[in-house]
Amino acid sequence: MTSSSPLPPRGVFAPLSRRGFMGGAASLSSVPLLSHAARADEKSTGQQPSTPDDNPAHYKPIFFNPEEYLFLCHACERILPQDENGPGAQALGVPRFIDRQMTTPYGHGDLWYMKAPFVNGPPELGYQLPYSPQDLYRGAITPINTYCLMTYHAIFAALSPEWQDDVLHTLEDNKLSFNEIPGATFFEQLRTNTLEGAFSDPAYGGNYAMGGWKMMGFPGARADFMDWINQEGAPYPLGPVGMPPKPDPYSPSFQNDEEG
Amino acid sequence: MPDQTFPPAKPDVVVIGAGWAGSIMAKELTEAGLNVTMLERGHDHSTAVEGTYPGSIDELRGAVRKRLFQKLAHTSLTIRNKPNETALPYRQLAAFLPGEGVGGAGLHWSGCHFRVTEDDLRLRSATIERYGQKFIPKDMHLQDYGISYKELEPFFDKAEKVFGTSGEASSVQGRKTGQGNIFAPDRSDHFPLPAMADTFSASVFRKAASEAGFHPYSMPAANASQPYTNPYGCQMGPCNFCGYCSGYACYLYSKASPNVNILPALRQDKRFTLITQAQVLEIMLDDTRKRATGVRYIDLKTESEQVIEADLVILSAFQLNNVHLMLTSGIGKPYDPVSQTGTIGRNFTYQTITSSRVWLPENRFTNQFVGAGGGGVAIDDFNHSGLDRGKAGFIGGSPIWVNQAGLKPITAAQNSGGKGAPRWGSAYKAAMIDQYKHSLAIDAHGSNMAYRDVYLDLDPTWRNAYGQPMLRMTFTWKDNDIRMNQFVVNHIGDIAQAMGATKTSLNSLHPGQPFDSRVYQTTHLNGGVILGNNPKTSALNRYLQSWDVSNLFVIGSSAFPQGMGYNPTGLVAALAYWSAYHIRQTYLRNPGPMVHA
């Protein structure tokens, strides 16, 4: 089987794989800070550095109000925190990603079957609420802050990371509900969208400087592994690339395609 | 490439659904000289538009926001586990992912292209011969297809040549090759293309499975291992293991699809007309209710209702939609689980699939993003006809395989953690990265038997966007299939050990576990309009012709009496070619029932 594979001789790739392994280890240790990630990107792929306007720290939300966006920035960061393994959700632009998703057909719940009646049932039968992703965020964030004020005397964003984690655990374990939104439903929405934002193409506003893909070792839109089908367990040597050319995912034509 | 021309006032044939089954039937019947009009509820899809790089390999847009799948906003179904429960709508796609648009699920499938084991087609007879009637659990509706493997073999062969399937044969015209799946039945010819290369993960599994005493083989893949031109003149390019098969349109013309392998030839035929955005509401019958006169549909472009008359109607939509349309058209008798009468909705089955995970040492990178949807290495030691099931006490079986199809980071991150491990935070993040870099999945992809109280009917409450009652699914796991799954998964541990696993997470079903519609399992849904030899227990005769309406043929996995261990597409295609052959040879010369009950 393997002997009939279309691979070039092993020797061609062996030195490359060793370099790739060293390079990968080095870049992993250097990604915790955003500026480092951007510089590593320039070096490894030769792509243009990100423009200042592209920096998620400068983003002005279009759907969320300032209170909601502040909550989102802090809550996403606890789901995927910045640490020795790489950037966190905030540096990756996850809040920007979620804000932009809210105005797509997905955010409006247009990808779901949303006809009444809405009846509660066992969890195995799936989501049964009349709320779109927009509704879930809008309905839960302010009451969660109110809960934090009553319990901890500060809004979520002002709590210590440990207390923020306590609040998120309470939601995940479904010990709180807000405006008929079960805490666990909101938590799963937040976790799902956080991970989508961290690991989707940067065109959507998250995965800033492909920092999410770098820490996963995912090479992005390369989509050609003819020479790496089986290299005996060596790491893939090349860093990620984004989608070229970057489509504007919020243009009317793109959204029509999504709906069609 | 005209795709929206007006149909002839009265075509000879109307085909409902532009997936594999519909495209095969349309090709065969135009070859027979008939005018064929094919109706498809969704949009047109072609590699040159929807399949272009890089838009086609965007995980968020593709598998996550479900670009090529059924638009649930228009229509869905309801689900419950037991007949005494209230079924609730499947509001978000998760457990299974039907397609929509030209190509159907055949555009976004993986490309696992199997045949059958010889016993799959005669499972009731084979079980009774070996274990006796009492071995069949009460309330299991175990049935034969009424077709033998030998009869179907030429059509498996034809489908593989059209699909450009890559694989290694074990036995060709009685001669053993010394390769391939030693348990596979004899073949008239080799696969048209050599097997796909093993990914690193698959090669580790091949070696370990062999050391553990099993019989590994290259999975048959409708992913082209070399450039290929099929009998219709349609061309495929070699697969580069980009990893975007399941959930995506292949940008390289490497994965077989109706769009790549059949429609380019059909679209050039003047006798063929494709109408997209045509939502069929009803197959119309004459006053005798024994003859179809055509179909009624909504043209979604103009939001107007249309009727097409035809002499022959081919119902070849997705499995769920075939059952739905039979019920909404009032063809045949709906199945009643109490009196056990009626056939439409009877013998609905799924696939008993669980995925286990093995971690390799930190200096071994599994590069899980590298892959091909149909490629990999499997063992059939727990699926083949000869396996003694007497002691373990189950009917059915399951291949075990490493089918590294290309794992993308959003999906990998979503599915990391849980079962006691953190699902968020720094510890989750470290484990998730480690899992992505160093682990691999081993699946038990098993059969699912049919039962008295597992079935499809119409929901009393929820409706689709066209005002019709939606389909209602009553489904859960049963002891026989849970025993089978546990028996098979236990052996994955032996293989993991031989692989040098640093950690293993074995996953199997457990007794009493309900079917969970929130978790992706597979889109391999079967039955509901099954074939057989008895009109009391099957909706179709052995030629997939309706017992009740002889100018209606219902093609697809809806015809399977039970779910087998393999993926269904190979059998769907073979049954389509089998049915078309007999329509051409027999039915067209003398229209009417081809089997007299």
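Just so it is clear, none of the values below were taken in a lab; they were calculated from the coordinates. No experiment lies behind these values; they were computed from the predicted model shown. With ideal geometry, Cβ positions are generated from the backbone for all residues, glycine too; neighbour counts draw on all protein chains shown.
A few remarks follow.
- Sites excluded, GluC sites (Glu not before Pro) in DSSP loops with at most 15 other C-beta within 10 Å, longest stretch of chain B: B:363-597
- Net charge of neighbours whose Cβ lies under 15 Å from the Cβ of B:THR229, counting Lys and Arg as +1 and Asp and Glu as -1: 0
- Separation of the B:GLN585 and B:GLU309 label points, Cα + 7 Å toward Cβ, nm: 3.3 nm
- Counting neighbouring beta carbons within 10 Å and listing from fewest to most, the residues B:ASP494, B:ASP459 come out as B:ASP494, B:ASP459.
- The relative contact order of segment A:52-259 comes to 22 percent, based on Cα pairs under 8 Å that sit 6 or more residues apart.
- Global size of segment A:52-259: 18.7, 59 Å for Rg and Dmax (C-alpha atoms, Rg to one decimal, Dmax whole).
- All lysines inside 20 Å of B:LYS333 as judged from Cα atoms, apart from same-chain residues fewer than 8 positions distant: B:LYS290, B:LYS536
- Treating each Cα of segment B:512-597 as one equal point scatterer and applying the Debye formula with no solvent, the log10 of I(q)/I(0) at q = 0.20, 0.21 Å⁻¹ comes out as -0.90, -0.96.
- Backbone HN-Hα couplings from phi across segment B:139-156 [Karplus 6.51/-1.76/1.60, Hz, Gly and Pro as x]: 6, 8, 8, 7, 9, 8, 6, x, 10, 8, 4, 4, 5, 8, 3, x, 7, 4
- Qualifying GluC sites (Glu not before Pro) for segment A:156-187 [loop in DSSP, other Cβ within 10 Å: at most 14]: A:GLU180
- Charge context of B:TYR297, other residues only, Cβ under 14 angstrom, K/R +1, D/E -1: -3
- Cross-link pairs beyond the 25 Å C-alpha cut-off, checked among B:LYS66/B:LYS270; A:LYS60/B:LYS66; B:LYS66/B:LYS478; A:LYS115/B:LYS82: B:LYS66/B:LYS270; A:LYS60/B:LYS66; B:LYS66/B:LYS478
- Pairwise label distance in nanometres, B:LYS138 with A:ALA116, each label 7 Å out on the Cα-Cβ vector: 4.5 nm
- Extension gain for B:ARG296-B:GLU85 works out to 72.6 nm (0.36 nm per residue, less the C-alpha to C-alpha distance).
- Relative to the longest principal axis of the Cα atoms of chain B, the long axis of helix B:426-438 lies at roughly 80 degrees.
- Derived scalar couplings ³J(HN,Hα) [segment B:13-29; Karplus, 6.51 cos²θ - 1.76 cosθ + 1.60; whole Hz; x for Gly, Pro]: 10, 10, 10, 9, x, 10, x, 4, 4, x, 5, 5, 5, 5, 5, 4, 7
- Estimated inter-spin distance, B:GLU282 and A:PHE63, nm [label 7 Å along Cα→Cβ]: 4.1 nm
- Number of partner chain Cβ atoms within 10 Å, mean per residue of A:199-206: 4
- Modelled FRET efficiency - R0 25 Å, B:THR461 with B:VAL338, Cβ distances, 0.05 increments: 0.80
- Chain B - share of DSSP beta bridges that are antiparallel (%, nearest 5): 70 percent
- When B:VAL15, B:VAL172 are sorted by how many other C-beta atoms sit within 10 angstrom of their C-beta, beginning with the fewest, the order is B:VAL172, B:VAL15.
- The three principal axes of the Cα atoms in segment B:307-391 give end-to-end lengths of 63, 43, 23 Å, sorted in falling order.
- Looking at the protein assembly as shown alone, DSSP beta bridges between its own residues are antiparallel in about 70 percent of cases.
- Cα convex hull of segment B:11-93, projected area averaged across orientations, nm²: 8.4 nm²
- Remark: relative contact order (chain B) = 22 percent; criterion is Cα-Cα distance under 8 angstrom and separation of 6 or more residues.
- The distance linking segment B:449-501 with segment A:76-142 is 28 Å (Cα centroid to Cα centroid, whole angstrom).
- Nonlocal amide H pairs with B:MET470, under 5 Å, H built at 1.01 Å: B:ASP459, B:TRP462, B:ARG463, B:ASN464
- Chain B: angle of helix B:569-582 to the longest principal axis, Cα-based, in degrees nearest 10: 30 degrees
- Between B:ASP434 and A:ASP227, the FRET efficiency from the beta-carbon distance, with R0 = 25 Å, is close to 0.50.
- In Hz, Karplus ³J(HN,Hα) per residue of segment B:469-485 (6.51, -1.76, 1.60; θ = phi - 60°; x = Gly, Pro): x, 7, 5, 10, 9, 10, 8, 8, 7, 10, 4, 4, 6, 5, 4, 4, 4
- With the gyration tensor restricted to C-alpha atoms of the protein assembly as shown, the semi-axes of the equivalent ellipsoid amount to 43, 32, 27 Å, longest first.
- For B:THR502, residues with placed amide H under 5 Å, excluding near neighbours: B:TRP359, B:LEU360
- Where N is the number of residues in chain B, Cα Rg divided by 2.2 N^0.38 Å: 0.91
- Rounded FRET efficiency, nearest 0.05, which uses the C-beta distance separating B:HIS74 from B:VAL519 and R0 of 22 Å: 0.40
- Within-11-Å neighbourhood charge of A:ALA75 [Cβ basis; K, R +1; D, E -1]: -1
- Panel order for A:VAL119, B:VAL14, B:VAL572, by other beta carbons found within 10 Å of each beta carbon, from fewest to most: A:VAL119, B:VAL572, B:VAL14.
- Amide H contacts for B:THR341 (H built 1.01 Å from N in the peptide plane; partners 5 or more residues away or on another chain; cut-off under 5 Å): B:ASP336.
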